[in-house]
Amino acid sequence: MRVFLAAFVASTFLINLSAIAEDDSAAMVNRFEELDAAEQTKLFDSITGKRWGRLKPDQRLALQKAAVSYSERVLGRDDKGRLKVIKSDVGKQLLKIAGDYLHKLPPDEVPAHGAAHAIYGSIPEGAIRVTGKARINPRRVRMHSTGFYAAPGEVVVVEVPKEWTQRGLKIQISGHRDNIPLKKNLVRTPRSPSRTSPVNQVRMEVAATYGGALYVDTGITPIDVDPFIVSFENALPAPTFVRGQTTVDDWQYKQRKHPAPYAEFVGENVAISFPSEWIRELDDPGPLMEYWDGVVGLHDELGGYTKLRKMPERVNVDCQISAGLFHAGYPTQGPQSKCRGVVDLDRLKSTGNWGWFHELGHEAQRRPDKEWSWNNPYTFDGSIEVTVNLFSAHAFDQLGMTLRGGWTWTANAKAVEEKASRYLAQGKTYAEGNAGDKLAMHLQIRDAFGWDTYRKVLASYSRDQDEAPTRLPKGEQAERDAWLIRMSDATGHNLAPFFGKVWGIPLSPEAVKKVAKLPAWSGPQK
């Protein structure tokens, strides 16, 4: 009996110690800056894994609120204006807890994050919140720019026509949609700042802790009815330029003076969201958007997609993105520190921007309707980062720009041939090459037969998607064979020697036989 009592007391003592540790976690977060390494490790253990799951609701809430306070203390900018960086595992875990908590709060409980203005731009003191309307054309799909912005932590009231309350609409705050993996150092809470709310009533409230541009998302399918009006109350007007609608006078004397910290430029083929301070002195955004519409238009032309476009591609500039220097998606994302050139028209006209052409090219791989993955029916042998650069090189060629940074070689047939020859001299196959090596093969075809060949071939895949999807190849071997047959038909030459013998692409005997009657071509003449 004495042994049993001793065990019971010891067990109870350990449970109490655990409870004390859990109760103390929020206090430890509140004095995080004073913790030594051992205490930080203890704190990390108490807020991860099974320990987090065992917390009582009031304990978890205390920790969440403490994590929010921590995030406001450590995020923002230093004395030199640089974004502060959180590197420790426990610090990043606290930022995750804070972001997840803030993301789930109902609109009337969402606070303004203390670092929102430092990270995404300040709002002038006394900036007037307005009530205004946006005209939404449902024949265009996905995110519609409205020209309004939700201030951090402030409730915006949205009103839609009753007949649109059950049609799948969503109100979205912010285009900053990336969730940042915890393996990266953090400059903001890792949970996406964007908030999306379904429209299921005439009047609804929305809010986000970092604030953000207000969008109406009409879904992925065009709705063939007349435009409708959405109203916003307690919103900030944002600098907004819509190509073909906003006049130069309206821009200069009204729009560019609007107080929202993020601006929106909208064209037929692309829409761009970025810090307002970048364009306060820009007198006319029209030529800039004509340029970007033209780039995406060239991508559509190469892929055979022009008639498919029912929305602009989107480019969004955030303080931090989930992967890469830039990355594709909807929206395509890039970091503030690397994206100022997106609005520098003089530089764009002289040297373009291979990075953004490339990311928009990834969206071209998917088609405007996103029916395909990046690894689409004409992309085989690990060539996602190859066929994307067909769109980049095509745009540069059509715009007449030869300076392309590390890709300048793609502008010159001699340089292409030299790159291909150096690679093939190693006895390697197409599948073994890197993105540049593989692209050299494609550009040899461009240099011999012209871009029209690629336009015909890529359009044939898109046409099959719409008219007879069963004709599209499925599987690597079928994709290689289809590429041989379609490219041979378009060039009027048997390209089996070039693809199979020169570049070592495995081709089936049946595919080789189908093109055998055409004049053989094994590559540029030496």
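The set of residues in region 289-307 that are in contact with a Ser or Thr (Cβ under 9 Å, 6 or more places away or on another chain), surrounded by fewer than 23 Cβ atoms within 10 Å (Cβ to Cβ) and touching a residue at least 40 places away in the same chain (Cβ under 8 Å) comprises Asp300, Gly304, Tyr305. Quick check on region 218-244: of everything there that is of a type in the set (Gly, Ala, Ser) and in a loop (DSSP other than H, G, I, E, B), which residue is farthest from the chain's Cα centre (by Cα)? The selected residue is Gly244. Between Asp452, Asp437, the distinction of being within 20 Å of Leu484 (Cβ to Cβ) and surrounded by fewer than 19 Cβ atoms within 10 Å (Cβ to Cβ) belongs to Asp452 only. Of all residues in region 370-383, those satisfying the criterion of being surrounded by fewer than 18 Cβ atoms within 10 Å (Cβ to Cβ), of a type outside the set (Phe, Trp, Tyr), out of contact with any Phe, Trp or Tyr (no Cβ under 8 Å at 6 or more places or on another chain) and touching a residue at least 40 places away in the same chain (Cβ under 8 Å) are Glu371, Gly382.
Name the residue, out of Ile119, Ile97, Ile47, that is under 29 Å from Val157 (Cβ atoms), touching a residue at least 24 places away in the same chain (Cβ under 8 Å) and surrounded by 21 or more Cβ atoms within 10 Å (Cβ to Cβ). Let's see the steps before the verdict.
Working: Ile97 fails: under 29 Å from Val157 (Cβ atoms); Ile47 fails: under 29 Å from Val157 (Cβ atoms).
The conditions single out Ile119.
Considering the conditions (1) over 30 Å from Arg309 (Cβ atoms); (2) touching a His at 6+ places or on another chain (Cβ under 6 Å), Val157 is excluded by exactly one of them, (2). Scanning region 491-505 for residues that are in a helix (DSSP H, G or I) and either of a type outside the set (Gly, Ala, Ser) or open to solvent by 30 Å² or more (accessible area, probe 1.4 Å) (or both) yields Thr491, Pro497, Phe498, Phe499, Lys501, Val502.
Restricting region 354-369 to residues that are open to solvent by less than 10 Å² (accessible area, probe 1.4 Å) and touching a helix residue (DSSP H, G or I) at 6+ places or on another chain (Cβ under 7 Å), the residue that is nearest to Pro469 (Cα to Cα) is Arg367.
For Arg446, the criteria (1) open to solvent by 10 Å² or more (accessible area, probe 1.4 Å); (2) touching a His at 6+ places or on another chain (Cβ under 9 Å); (3) farther than 30 Å from Asp346 by Cβ hold in every case but one, which is (3).
Cβ separations smaller than 7 Å between residues 6+ apart or across chains give the following pairs from region 481-502 residues that are farther than 13 Å from Val457 by Cα to residues that are among the aromatic types (Phe, Trp, Tyr): His493/Trp521; Asn494/Trp521; Leu495/Trp521; Pro497/Trp521; Phe498/Trp521.
Can you pull out the residues in region 105-129 that are aliphatic (A, V, I, L, M) and over 16 Å from Ile173 (Cβ atoms)?
Ala115, Ala118, Ala127, Ile128
The set of residues in region 421-448 being under 34 Å from the mean Cα position of the chain (by Cα) and of a type in the set (A, V, I, L, M) consists of Ala431, Ala435, Leu439, Ala440, Met441, Leu443, Ile445.
Among the conditions (1) open to solvent by 10 Å² or more (accessible area, probe 1.4 Å); (2) within 21 Å of the chain's Cα centre (by Cα), Gln172 misses just one, which is (1). Of all the residues in region 308-335, those that are open to solvent by 30 Å² or more (accessible area, probe 1.4 Å) and either assigned to a loop (DSSP other than H, G, I, E, B) or in contact with a strand residue (DSSP E or B) (Cβ under 6 Å, 6 or more places away or on another chain) (or both) number 7. Only one of the numbered conditions (1) more than 22 Å from His493 (Cα to Cα); (2) hydrophobic (A, V, I, L, M, F, W, C); (3) over 26 Å from the mean Cα position of the chain (by Cα); (4) open to solvent by less than 70 Å² (accessible area, probe 1.4 Å) is violated by Val386, and that is (3).
Just give me the residues in region 158-169 being closer than 30 Å to Gly334 by Cα and open to solvent by less than 40 Å² (accessible area, probe 1.4 Å), in sequence order. Spell out how you get there, then give the answer.
At the first step, the residues of region 158-169 found to be closer than 30 Å to Gly334 by Cα are 158, 168-169.
Passing the criteria: Val158, Leu169.
So is Lys474 farther than 21 Å from Pro519 by Cβ and surrounded by fewer than 18 Cβ atoms within 10 Å (Cβ to Cβ) or not?
Numbers: farther than 21 Å from Pro519 by Cβ: yes; surrounded by fewer than 18 Cβ atoms within 10 Å (Cβ to Cβ): yes.
Answer is yes for this residue.
The residues of region 135-176 that are assigned to a strand (DSSP E or B) and among the basic types (Lys, Arg), listed by number, are Arg135, Lys170.
Selection over region 31-63 of residues that are part of a helix (DSSP H, G or I) and either of a type in the set (Asp, Glu) or under 19 Å from Asp89 (Cβ atoms) (or both) gives a count of 20.
The values are calculated or read from the model by the stated rules, or taken from the named source; none is laboratory data. Because the structure is predicted, anything quoted here is derived from the model rather than measured. Positions of Cβ are backbone-derived with ideal geometry, glycine not excepted, and every protein chain shown enters the neighbour counts. Please note that ligands, DNA and RNA were not included when accessible areas were found on the heavy atoms of the full protein model with its side chains. Shrake-Rupley method; radii C 1.70, N 1.55, O 1.52, S 1.80 Å.
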